[in-house]
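> What follows is a structure written as structure tokens; I'll ask about it next.
The values are calculated or read from the model by the stated rules, or taken from the named source; none is laboratory data. On a predicted model such as this, the values are computed, not experimentally measured, just so you know. We place every Cβ from the backbone using ideal geometry, glycine too, and count neighbours over all the protein chains shown.
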Amino acid sequence: MAATPSNMTPLGSPCPDFSLPDTVSGEAVSRGDYKGRPLLVMFICNHCPFVKHIRSELALLGRDFEGKLGIVAISSNDIENYPDDAPDKMKIEAAEAGYAFPYLYDESQKVAHAFKAACTPDFFLYNAEHKLAYRGQLDDSRPKSSEPVTGRDLRAAIKAVLEGRKPDENQTPSMGCNIKWKKGNEPKD
């Protein structure tokens, strides 16, 4: 199982604008819906073993921080070649996993490009001004590792942001499956 690291976008970068359909509610969800609130944007998908490994912790994060910050998950994978990541299956996955946050579909992959997302999972935590505060791993756990899934790194960053502090700038990249780009849509850099 090959792992792709996150791109580690510079801290302080502004949150890219987005407006995408929520596969659960059918409603459009945008960055503007979270104006003045911290926002966690997670790039995930249904089929990735790295995401499957942490799905319970993602659901728990959603419940633990519901109402305290905005949380959205986005799948940008090419569904022609990865049909398990199609919107109808995303809706089922959100229900089965117990996600308490919108699970958005980025059909054009423009949002993934705007965020410079590289892998699933890929985490982007923004402060209330929507400046990037954290873009690291959930924790040290990986599929087939002996490390338990705790969410330690991301939870510490969320706590800092909610308390008005900057998270530790020494951040470990997230690791996961590469985003499944449509042919000809791969990142150029």
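> Can you tell me which residue is surrounded by the most Cβ atoms within 10 Å (Cβ to Cβ) among those in the stretch 73-125 that are assigned to a strand (DSSP E or B) and among the aromatic types (Phe, Trp, Tyr)?
TYR103
> If the requirement is being of a type in the set (Asp, Glu) and farther than 25 Å from ARG63 by Cβ, which of these qualifies: GLU169, GLU147, GLU93?
Only one candidate passes the filter, namely GLU169.
> Next question, about the same structure. Any idea which residue in the stretch 137-168 is nearest to the chain's Cα centre (by Cα), counting only those that are assigned to a loop (DSSP other than H, G, I, E, B) and among the basic types (Lys, Arg)?
Step by step, filter the stretch 137-168, then rank; the result is ARG142.
> While we're here: Restricting attention to the stretch 5-15, does a residue exist that is more than 14 Å from ASP122 (Cα to Cα), polar (S, T, N, Q) and outside any loop (DSSP other than H, G, I, E, B)?
no
> Right, another one. In the stretch 34-45, what residues are touching a strand residue (DSSP E or B) at 6+ places or on another chain (Cβ under 7 Å) and either surrounded by fewer than 20 Cβ atoms within 10 Å (Cβ to Cβ) or not hydrophobic (A, V, I, L, M, F, W, C) (or both)?
TYR34, ARG37, PRO38
> With respect to the numbered conditions (1) assigned to a helix (DSSP H, G or I); (2) touching a helix residue (DSSP H, G or I) at 6+ places or on another chain (Cβ under 9 Å); (3) among the basic types (Lys, Arg), which one is the sole condition not fulfilled by LYS68?
(1)
> Among the residues of the stretch 56-76, write down those that are under 13 Å from the mean Cα position of the chain (by Cα) and either within 20 Å of PRO16 (Cβ to Cβ) or modelled with pLDDT under 95 (or both).
Of everything in the stretch 56-76, those that are under 13 Å from the mean Cα position of the chain (by Cα) and either within 20 Å of PRO16 (Cβ to Cβ) or modelled with pLDDT under 95 (or both) turn out to be GLY70, ILE71, VAL72, ALA73, ILE74, SER75, SER76.
> Return the residue satisfying two criteria in turn: it lies in the stretch 126-154 and is among the basic types (Lys, Arg) and under 21 Å from PRO14 (Cα atoms), and of such residues it is surrounded by the fewest Cβ atoms within 10 Å (Cβ to Cβ).
Step by step, filter the stretch 126-154, then rank; the result is LYS131.
> Only one of (1) of a type in the set (A, V, I, L, M, F, W, C); (2) part of a helix (DSSP H, G or I); (3) under 14 Å from TYR103 (Cα atoms) fails for PHE50. Which number is that?
(3)
> List every residue pair whose Cβ atoms sit under 6 Å apart, with the two residues 6 or more apart in sequence or on different chains, where the first one lies in the stretch 93-113 and is within 15 Å of SER19 (Cβ to Cβ) and the second, anywhere, is assigned to a loop (DSSP other than H, G, I, E, B) and charged (D, E, K, R).
Cβ pairs passing all conditions: ALA112/ASP106.
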